[in-house]
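Enquirer: Below is a structure I'd like to ask you about.
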Amino acid sequence: MLDYFSVFVLAILTLSYVVGELVHFMPGVLSQQMSQDLHYGDQKCFSTNSQNATVCLKIQNESQCELENPTCEFIYSGQGIEYQVLAGPAFSIPFTCGSLIWGAIAGQGPRPRLVGICTLLFSVCSGLFGVSRAYWQLVVLRVLCAFGESGLRPLASSILPDLVKPERLGLANGCFSLGIMFGYGLSFAMGNYFSLVTSLGWRACFALSFIAGSIVGIALLFIKDFGNREMRINETTALITQDDSKTTSKPLNCLSKFAEFKQTKMVLMLIAASLRQTGGESLSNNTQLYYDQYYPEVNPGLWLTTCSIVGGTSGLLLGGLLSDFAKRRMGIRARFWVLTASQLLSTPFAWAMLLLPPPWSYVALLLYYCLAETWLAILFAILIELTKPRNRAMTSAIFVFAMNNLAGLLSLLVDPLSKILSFRLALMIMWPSFIILGGLTFGISTLVK
């Protein structure tokens, strides 16, 4: 059982992650509203009447749009390369670079307070996001938000082994990773409902996240670093105990923090995680836009919120519990088996989501999340168990760096592919296909010692 202090710290860390991911994903959900207000990105023909939605979407130019039907209007769609840059590289590049910086300094200061600083940074930037008047301001603030959020995972990877016993590490990672799905899910509720009932529109969503994040960030500043409680950190895995005992007396240097990547297994895991993240980001950046384009008569907010929170939460907790159970019975390799199986089993539901209309597409998405979102909790539990205590924060930071850099850049392909093929086919290529590639590469890594 966890003591009350551990539960409290884990809860505060998770709340910080919730707000961080809310700030991360809201631009994708609010993209159409933001682009119409600030005038950036592509323009398309949309209908003001849901009955003529399909007719208007087939029109390709402004003059024809206005002449074809009085209910058709040529407006900013929220899509285009400007949006893909804002959602992708403007976030992923500073996020990945920042993760290395935070990973390097994780052991140099009070870790909960460092998380508090990160939280306050992206919260303040979220508030400024809501008063932006130009596209370039969004990009600058997006960069700063990303740098703030980039510290959460590396710092948490250093904190969690001190909070829980090794046999609960997968579950603890799953609880922390709930921040992703709750933040992602709440972004749909904010974009589809809250933004429509306030006079400030999309700007009110960022103001609310500023208030929530500031409260959590200030709370974290009052938590002192608790260090290595009850020497739990040395119980994590027998694979590193002997080697670590020989090296703890040696002076640390920068190169030693990268030593874990001498293992072929670790390199394959890094490639697999990057492929998996590319698929996931291609979905998360374009889910709202997909439904806006193909099913404009439907408000997907409630369904997408429910699917991501219920399905994602189930997947994260189930993944942590199953991998903990499997590891106790068959060793650390069993975590890889659970990880590989979950990704491969999720892909049929990804295809179904893109091929079926609502509400069946929502059901497919829910089942996809239940299986696919097991991966993050299992991945970071494996990383913590395979790395030396002093290298955990940096190893996690390197994974975050590689995963998000590749995903952020490759996800840009959605825009040109959608212009060559279609938006739906572009997502088929960039989402389920990359989930399969990531799952297969995770499976190959189990064969390597």
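The values are calculated or read from the model by the stated rules, or taken from the named source; none is laboratory data. Just so we're clear, the structure is a prediction, and the values are computed from it rather than from any experiment. Cβ placement follows ideal geometry from the backbone for every residue including glycine, while neighbour counts extend to all protein chains displayed.
Enquirer: Within region 1-34, take every residue that is of a type in the set (Phe, Trp, Tyr) and under 18 Å from the mean Cα position of the chain (by Cα) and give me the one that is nearest to Leu114 (Cα to Cα).
Expert: Here the residue is Tyr17.
Enquirer: Output yes when any residue across region 421-436 is in contact with a helix residue (DSSP H, G or I) (Cβ under 9 Å, 6 or more places away or on another chain), of a type in the set (Lys, Arg) and more than 27 Å from Ser157 (Cβ to Cβ), and no when none is.
Expert: yes
Enquirer: Can you name every residue in region 341-354 that is within 23 Å of Val448 (Cβ to Cβ) and in contact with a Ser or Thr (Cβ under 7 Å, 6 or more places away or on another chain)?
Expert: Ser342
Enquirer: What is the one condition in (1) of a type in the set (Ser, Thr, Tyr); (2) over 20 Å from Tyr4 (Cα atoms); (3) out of contact with any Pro (no Cβ under 9 Å at 6 or more places or on another chain) that Ser177 does not satisfy?
Expert: So the condition that Ser177 fails would be (2).
Enquirer: Still on this structure: So which residues in region 396-449 are touching a residue at least 12 places away in the same chain (Cβ under 8 Å) and of a type in the set (S, T, N, Q)?
Expert: Ser396, Asn404, Asn405, Ser411, Ser418, Ser433, Thr441, Ser445, Thr446
Enquirer: Oh, and also: Which is surrounded by fewer than 21 Cβ atoms within 10 Å (Cβ to Cβ), among the β-branched types (Val, Ile, Thr) and touching a Pro at 6+ places or on another chain (Cβ under 9 Å), of Val197, Val143?
Expert: It is Val143.
Enquirer: Okay, moving on. All but one of (1) modelled with pLDDT under 85; (2) within 25 Å of Ser199 (Cα to Cα) hold for Ser35; state the number of the condition that does not hold.
Expert: That leaves (1) as the condition not met.
Enquirer: Here's a follow-up. Does Leu86 satisfy the criteria of being assigned to a helix (DSSP H, G or I), crowded, with 18+ Cβ neighbours inside 10 Å, at pLDDT 85 or above and in contact with a Gly (Cβ under 8 Å, 6 or more places away or on another chain)?
Expert: Spelling it out, it is not the case that Leu86 is assigned to a helix (DSSP H, G or I), crowded, with 18+ Cβ neighbours inside 10 Å, at pLDDT 85 or above and in contact with a Gly (Cβ under 8 Å, 6 or more places away or on another chain).
Enquirer: Which residue pairs have Cβ atoms under 7 Å apart, sit 6 or more places apart or on different chains, and have a first residue in region 329-345 that is of a type in the set (Ser, Thr, Tyr) and a second that is buried (at least 18 other Cβ atoms within 10 Å of the Cβ) and assigned to a helix (DSSP H, G or I)?
Expert: What qualifies is Thr340/Gly439; Thr340/Phe442; Thr340/Gly443; Ser342/Gly319; Ser342/Leu371; Ser342/Ala372; Ser342/Trp375.
Enquirer: If a residue counts only when it is more than 21 Å from the chain's Cα centre (by Cα), which helices (runs of 4 or more DSSP H) contained entirely in region 266-336 have at least 1 such residues?
Expert: In region 266-336, the matching helices (runs of 4 or more DSSP H) lie at 287-294, 312-330.
Enquirer: Which condition number in (1) closer than 24 Å to Ser274 by Cα; (2) crowded, with 17+ Cβ neighbours inside 10 Å is the one that Ile81 fails?
Expert: (2)
Enquirer: Starting from region 353-382, keep only residues that are within 21 Å of Cys175 (Cβ to Cβ), then list their pairs with residues that are in a loop (DSSP other than H, G, I, E, B) and at pLDDT 85 or above whose Cβ atoms are within a distance under 9 Å, requiring at least 6 positions of separation or different chains.
Expert: none
Enquirer: Among the numbered criteria (1) over 17 Å from the mean Cα position of the chain (by Cα); (2) under 21 Å from Pro27 (Cα atoms); (3) not hydrophobic (A, V, I, L, M, F, W, C), which one does Thr96 miss?
Expert: (1)
Enquirer: Tell me, which helices (runs of 4 or more DSSP H) wholly within region 129-193 include 2 or more residues that are farther than 22 Å from Ile117 by Cβ and more than 20 Å from the chain's Cα centre (by Cα)?
Expert: Ranges flagged: 135-149.
Enquirer: Can I ask one more? Being in a helix (DSSP H, G or I) and hydroxyl-bearing (Ser, Thr, Tyr), is that true of even one residue in region 68-82?
Expert: No, that holds for no residue.
Enquirer: Enumerate the pairs (first residue in region 179-199 and free of Cβ contacts under 8 Å to residues at least 60 places away in the same chain; second residue anywhere and surrounded by fewer than 23 Cβ atoms within 10 Å (Cβ to Cβ) and hydrophobic (A, V, I, L, M, F, W, C)) with beta-carbon separation below 6 Å, excluding pairs fewer than 6 apart on the same chain, so at least 6 apart or on different chains.
Expert: Matching pairs, first to second residue: Thr198/Ala204.
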